[in-house]
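The values are calculated or read from the model by the stated rules, or taken from the named source; none is laboratory data. Because the structure is predicted, anything quoted here is derived from the model rather than measured. So basically every Cβ, Gly included, is an ideal-geometry build from the backbone, and we count neighbours across all protein chains shown. To get the accessible areas, we keep the full protein, side chains included, count just its heavy atoms, and leave off ligands, DNA and RNA. Shrake-Rupley method; radii C 1.70, N 1.55, O 1.52, S 1.80 Å.
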Amino acid sequence: MFLNHFKMKAQPFAERVAPEAFWRDPRIDEGLARLRYLAHDATVGLLTGPSGVGKSALVQAFLNELSGPRWEVIYVHLTHLPSAGLLKLLVSRLDEPPRRGKDRLFRQILDRADRAEGTMVIVIDEAHLLDHDALTDLRLLVSSAVEAPPLKLLLVGQDPLRQTLRQSQHGALLSRMRVRYLLRPLEVSETASYIDFQLKYAGASHRLFDEEAKRMIHEYSGGMPRMINNLATASLIQAMAKDTDRVSEGVVSETVREFQCV
Ligand SMILES: Nc1ncnc2c1ncn2[C@@H]1O[C@H](COP(=O)(O)OP(=O)(O)OP(=O)(O)O)[C@@H](O)[C@H]1O
Ligand SMILES: [Mg+2]
């Protein structure tokens, strides 16, 4: 919409992150290092962080690395289901008709993982919405006493997931989580670099946003990329409406006011 006004060649601050628009910083590198370790040498991993911090974007970048016959990846985010429903969803993602009964569903997943040409990696996004039974069933999938589990499990969720896992009934699952990563929000200088990166990706100058404007976006977003995107986009629309080619602190404060109304 504002691409012509600012002479941009691609949409900055987009919700869906194209691989070329994926921003990497030390937080992301640390997260990827842990996820790679999980894929190669561990069994269960945990990735947590507040809403909009970039967990799903990080997982997507990780899964992009796991292409080819060495890996069989199942990614699900529709987790607000009773436990049997979750197991059925996993089976249907394997393109198999789910059998009746939880025990058969377990067997179906484990047999398929055994037969798979590559390593099966199950990623459950929005895992803070899983109920206690579902967490217990996922633990059973990866905890055979006699043989190494034929699959890897990654739980991705918002901060309440950590509190849930600390409850004693989930001790057996938590203790199996050799890989744990908490994705933190951006610092003020990182927010400015993130905005500059998005502008560069769009083919615009980093000077399009004043330094004070970037600082104000940081302050109101708390360094969460989703909120930075929302505020930056609203500021670009506002600057276009005012027929100016710069995003100043004043423009950002006008958009912040709108965001504070709801
Ligand atoms: N590394 C990144 N590079 C580019 N854009 C990013 C990055 N991280 C996050 N974003 C942007 O921020 C938005 C929110 O990120 P994401 O959906 O990954 O958050 P989340 O932590 O999974 O949030 P939720 O807990 O609500 O699902 C993304 O839609 C994307 O636009
Ligand atoms: Mg997410």
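Give me the pairs, please: first residue somewhere in the stretch 104-131 and in a helix (DSSP H, G or I), second residue anywhere and within 16 Å of ligand 2 (Cβ to nearest atom) and among the aliphatic types (A, V, I, L, M), beta-carbon distance under 8 Å, and either six or more positions apart or on two chains. These pairs meet every condition: 127/155; 127/156; 127/161; 128/161. The residues of the stretch 136-162 that are within 16 Å of ligand 1 (Cβ to nearest atom), surrounded by 15 or more Cβ atoms within 10 Å (Cβ to Cβ) and in a helix (DSSP H, G or I), listed by number, are 161, 162.
Residue under question is residue 25, and the condition is that it be free of Cβ contacts under 8 Å to residues at least 24 places away in the same chain and either charged (D, E, K, R) or assigned by TED's automatic domain parsing to the domain that holds residue 240 (or both); does it hold? No.
Of the set (1) open to solvent by 90 Å² or more (accessible area, probe 1.4 Å); (2) within 16 Å of ligand 1 (Cβ to nearest atom); (3) modelled with pLDDT under 95, all apply to residue 17 but (1).
When the stretch 166-194 is limited to residues that are among the hydrophobic types (A, V, I, L, M, F, W, C) and either more than 16 Å from ligand 1 (Cβ to nearest atom) or open to solvent by 30 Å² or more (accessible area, probe 1.4 Å) (or both), the one that is farthest from residue 39 (Cα to Cα) turns out to be 188. Only helices (runs of 4 or more DSSP H) whose full extent lies in the stretch 1-103 are considered here, and none of them has at least 1 residues that are on the phi > 0 side of the Ramachandran plot.
Test of understanding: among 249, 211, 258, which residue is more than 25 Å from residue 54 (Cβ to Cβ) and touching a residue at least 12 places away in the same chain (Cβ under 8 Å)?
Result: 249 is the single residue among 249, 211, 258 that is more than 25 Å from residue 54 (Cβ to Cβ) and touching a residue at least 12 places away in the same chain (Cβ under 8 Å).
Annotation note: Cβ proximity below 7 Å between a residue of the stretch 49-70 that is under 16 Å from residue 155 (Cα atoms) and among the hydroxyl-bearing types (Ser, Thr, Tyr) and a residue that is part of a helix (DSSP H, G or I) and more than 8 Å from ligand 1 (Cβ to nearest atom) (sequence gap 6+ or interchain) occurs for no pair. Residue 222 falls short on exactly one of the conditions (1) closer than 20 Å to residue 27 by Cα; (2) buried (at least 21 other Cβ atoms within 10 Å of the Cβ), and that condition is (2).
Filtered by the rule that a residue be basic (Lys, Arg), touching a helix residue (DSSP H, G or I) at 6+ places or on another chain (Cβ under 9 Å) and under 16 Å from residue 74 (Cβ atoms), the stretch 98-146 gives a lone residue, 112. Taken over the stretch 213-262, the criterion of being over 29 Å from the mean Cα position of the chain (by Cα) and among the charged types (D, E, K, R) is satisfied by 242, 243, 245, 246, 249, 254. Out of everything in the stretch 115-135 that is away from ligand 2 (no atom under 16 Å from the Cβ) and among the charged types (D, E, K, R), what residue ends up being least open to solvent (accessible area, probe 1.4 Å)? Once the filter is applied, the top-ranked residue is 131.
Screening the stretch 69-84 for residues that are β-branched (Val, Ile, Thr) and within 16 Å of ligand 2 (Cβ to nearest atom) and picking the one that is surrounded by the most Cβ atoms within 10 Å (Cβ to Cβ) gives 79. Restricting attention to the stretch 39-94, the residues that are among the aromatic types (Phe, Trp, Tyr) and within 14 Å of ligand 1 (Cβ to nearest atom) total 2. Here 46, 66, 87, 58 are screened, and the one residue that is within 12 Å of ligand 2 (Cβ to nearest atom) and open to solvent by less than 20 Å² (accessible area, probe 1.4 Å) is 58.
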